[in-house]
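K.L.:
Take a look at this one; I'll ask things after.
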Amino acid sequence: MDSPAPVPASAPAASSAARKIIPIVPVESDSVGLYEATKKIYPRTVRGMFARWRWAMVFLTQLVFYGLPWAEWGERQLVLFDLAARRFYIFGLVLYPQDLIYLSGLLVVSALALFLFTAVAGRLWCGFACPQTVYTEIFMWVEHKIEGNRTARMRLDAEPMSLEKLVKKWFKHLVWIGIALWTGFTFVGYFTPIRDLGLAFLQTRMGSWEVFWVFFYGFATYGNAGFMREQVCKYMCPYARFQSAMFDRDTLIVTYDPKRGEPRAPRRKGLDPRSMALGDCIDCGLCVQVCPTGIDIREGLQYECIGCGLCVDACDTVMQKMAYAPRLIRYDTQNGMEAGWTRRQLLHRVLRPRVLVYTAILALLVAGLLASLVARTPLKVDVVRDRASLARIVEGGRLENVYRLQIMNATEEARHYRIAAHGIEGLSVSPDERVTIDAAQSRWVAVRLQVPYGVVPSGSHTVHFDIRDEEGGVQVSEKAVFLVPR
Ligand code: SF4
Ligand code: SF4
């Protein structure tokens, strides 16, 4: 029996004659549903190359996420975004709020890299590295281990409540909550030293915001990976909506080959499909059963497809059993599929102008970011006038302005800094300041500038503070205003 032909991804546009305005007619019905009812998806487990890659990415991403906050760099955490101290530690870098430009640069580079990978290979991020995908995979693995395979899970959900069902469900949720809370704890460990956090947890003296974020992040993980799953990708993630703007006909996507697969129909193994005027698809539905978003890839490119490749693995298993050639569903481009390109021709098209432009911009940005990081001054200074005393006459008949300097040592060693000033004749710093600041610390210092009274005309005068790192030889100059009253 023939199934309906699949809708091609690039169906020809309707002719202009057929393009007319269709009036909206009220539906004659007792009720109109505003939302589609959600059907629970029970993805089937599948083995294959893409399934192995997905698990490799789960291990890799989680090793980095759970492991990184425990790694140390000298006396401190390797990666720590210490919001309370307004200081970020990333490997050997100590960044202050004034260095936010580097984090912004990193975000721009990440966004461009995402554009580039999407233009080349579609939704690689979604299918293999997105936290939603990764945690859903982990939660589904737990579900599979406790409740059984797809059929067992469907049966369990359909049957009335029993002691066995209750125990299995409770146990599953307990494990899910454990993973979710550990994830929340790790997340907070990027913002507060994780060892102190662990100790505070054991001694039940965790701060209220830390408790809030552990539970909030944990709850989001539990809800998104345990319950929402594909709904997040389908309805909540904006990337799914705008990624089509980055696709073109040479972007690698997971596609079904309708020329080879149709007409689809079940048949016995060993029969020649061509003699029966059939395509290679045996309409087993396995590609739909393994799909984590529950779609049928045979209906063409759909925005719900996260490009995980599990349907490729499933179909290859079927093709192998039927002794047909593999890759009825495969990673291919729309142009490649239509023209029957070889792998070599496909790879050749990867280097198209759009990809080259993205790559060039990305390379320039990365080079610029690295160069500015290398050339970055490991000393930051902020100058604030002391509002309490604008200008005053002090002992010795000198006119004085008071300032507060925040000196930030962005190196990993204690440093001595010498403060000097220039800009007005006879300007002196009192006392002759030499400041010591510990590694990766900052300090507020009160500094007084003096000039002989009556020498400088009244008004505001521009002066410069010169702060010199005695060991590193680096010097930073900051502008300020010296006030002389009438
Ligand atoms: S259609 Fe295939 S590649 Fe797309 S989400 Fe489903 S299983 Fe993954
Ligand atoms: S797994 Fe392959 S053979 Fe089975 S329905 Fe899907 S495309 Fe057809």
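The values are calculated or read from the model by the stated rules, or taken from the named source; none is laboratory data. Keep in mind the model is a prediction, meaning the values are calculated, not measured. Using ideal geometry, Cβ is built from the backbone for each residue, glycine included, and neighbour counts are taken over all protein chains shown. Protein only, heavy atoms only, side chains kept; ligands, DNA and RNA dropped before computing areas. Shrake-Rupley method; radii C 1.70, N 1.55, O 1.52, S 1.80 Å.
K.L.:
Given the options L163, L103, Q132, identify the residue whose Cα lies farthest towards the positive end of the charge dipole of the chain (+1 on Cβ of Lys, Arg; -1 on Cβ of Asp, Glu).
P.N.:
The Cα lying farthest towards the positive end belongs to L163.
K.L.:
May I ask you to derive the FRET efficiency for V445 and A323 from their Cβ-Cβ distance with R0 = 56 Å, giving the value to the nearest 0.05?
P.N.:
0.10
K.L.:
If you don't mind, another one. Distance between the C-alpha centers of the range 162-194 and the range 307-339? Whole Å please.
P.N.:
What the calculation gives is 37 Å, centre to centre.
K.L.:
Cα axis of helix 163-188 to longest principal axis of the chain: angle in degrees, 0 to 90, nearest 10?
P.N.:
30
K.L.:
Hey, which of these cross-link pairs are over 21 Å Cα-Cα: K380/K479; K145/K165; K145/K169; K172/K234; K39/K169; K40/K172?
P.N.:
Pairs exceeding 21 Å: K172/K234.
K.L.:
In whole percent, what relative contact order does the chain give with Cα contacts below 8 Å and a gap of six or more residues?
P.N.:
Relative contact order of the chain: 15 percent.
K.L.:
Based on the Cα gyration tensor of the chain, what are the three equivalent ellipsoid semi-axes, each the root of five times an eigenvalue, rounded to whole Å and given largest first?
P.N.:
Each semi-axis is the square root of five times an eigenvalue, giving 62, 29, 22 Å.
K.L.:
Relative contact order, percent, of the range 117-225 when contacts are C-alpha pairs under 8 Å separated by at least 6 residues?
P.N.:
RCO, the range 117-225: 31 percent.
K.L.:
Need the full-extension length gain, R260 to L370, defined as separation in residues times 0.36 nm minus the C-alpha distance. One decimal, nm.
P.N.:
Stretched out fully, the R260 to L370 stretch lengthens by 34.7 nm.
K.L.:
Over the Cα atoms of the range 262-315, how large are the radius of gyration and the largest Cα-Cα distance (Dmax), in Å?
P.N.:
Reported Rg and Dmax, both Å: 12.6, 36.
K.L.:
With an 8 Å cut-off on Cα pairs and a minimum separation of 6 or more residues, tell me the relative contact order of the range 383-448 in percent.
P.N.:
It comes to 35 percent, rounded to a whole number.
K.L.:
Using only the Cα atoms, work out Rg/Rh for the range 44-203, with Rh taken as the Kirkwood radius, to two decimals.
P.N.:
1.06
K.L.:
In the chain, what percent of the accessible surface is made up of carbon and sulfur (1.4 Å probe, ligands and nucleic acids excluded)?
P.N.:
64
K.L.:
For the range 97-144 and the range 352-381, what is the separation of their C-alpha centers, rounded to whole Å?
P.N.:
Between the Cα centres of the range 97-144 and the range 352-381 lies a distance of 19 Å.
K.L.:
Which value in deg cm²/dmol, rounded to the nearest 500, describes the helix-derived mean residue ellipticity at 222 nm for the chain, given -39,500 (n - 2.57) per DSSP H run of n ≥ 4 and division by the residue count?
P.N.:
Value at 222 nm, helices only: -11500 deg cm²/dmol.
K.L.:
By average Cβ neighbour count within 10 Å, what is the ranking of 457-463, 390-396 from highest down?
P.N.:
The packing order, highest mean first, is 457-463, 390-396.
K.L.:
In 5 Å bins starting at 0, how do the alpha-carbon pair distances of the range 379-484 split up by percent?
P.N.:
2, 13, 25, 23, 16, 11, 7, 3, 1, 0
K.L.:
Tilt of helix 208-223 relative to the longest C-alpha principal axis of the chain, in degrees (0 to 90, nearest 10)?
P.N.:
For helix 208-223, the angle is close to 20 degrees.
K.L.:
Treat each spin label as a single point 7 Å out from the Cα along the C-beta direction, and report the R434 to V79 distance in nm.
P.N.:
Modelled inter-label distance: 4.1 nm.
K.L.:
Give a quick list of trypsin sites (Lys or Arg not before Pro) in the range 168-261 that DSSP marks as loop, anything other than H, G, I, E or B, with at most 15 other Cβ atoms within 10 Å.
P.N.:
Here the sparse-neighbourhood loop sites are R205, R249.
K.L.:
Measure off 7 Å from each Cα along the Cα-to-Cβ vector at L351 and K145, then give the distance between these two points in nanometres to one decimal.
P.N.:
Rounded to a tenth, the inter-label distance reads 4.6 nm.
K.L.:
Relative to the present Cα-Cα distance, how much length would full extension add between A414 and T377 at 0.36 nm per residue of separation?
P.N.:
11.8 nm
K.L.:
Just to be sure I understand the model, the point goes 7 Å from the Cα along the line to the Cβ. What's the resulting L63 to K40 distance in nm?
P.N.:
Between L63 and K40, the label points sit 3.5 nm apart.
K.L.:
Once you measure Cβ to Cβ distances between cysteines in the chain, which Cys have no partner under 4.7 Å?
P.N.:
Lacking a cysteine Cβ partner under 4.7 Å: C126, C130, C233, C237, C281, C284, C291, C305, C308, C315.
K.L.:
Right, another one. Counting heavy atoms of the protein chains only and a 1.4 Å probe, report the per residue accessible area for the chain as a whole number of Å².
P.N.:
57
K.L.:
Okay, next question. State the three equivalent ellipsoid semi-axes of the range 267-371, derived from the C-alpha gyration tensor as the square roots of 5 times its eigenvalues, in descending order and whole Å.
P.N.:
The answer is 37, 17, 11 Å, longest axis first.
K.L.:
Whole number please: convex hull volume per residue of the Cα set in the range 326-425, in Å³?
P.N.:
Measuring per residue, one finds 269 Å³ for the Cα hull of the range 326-425.
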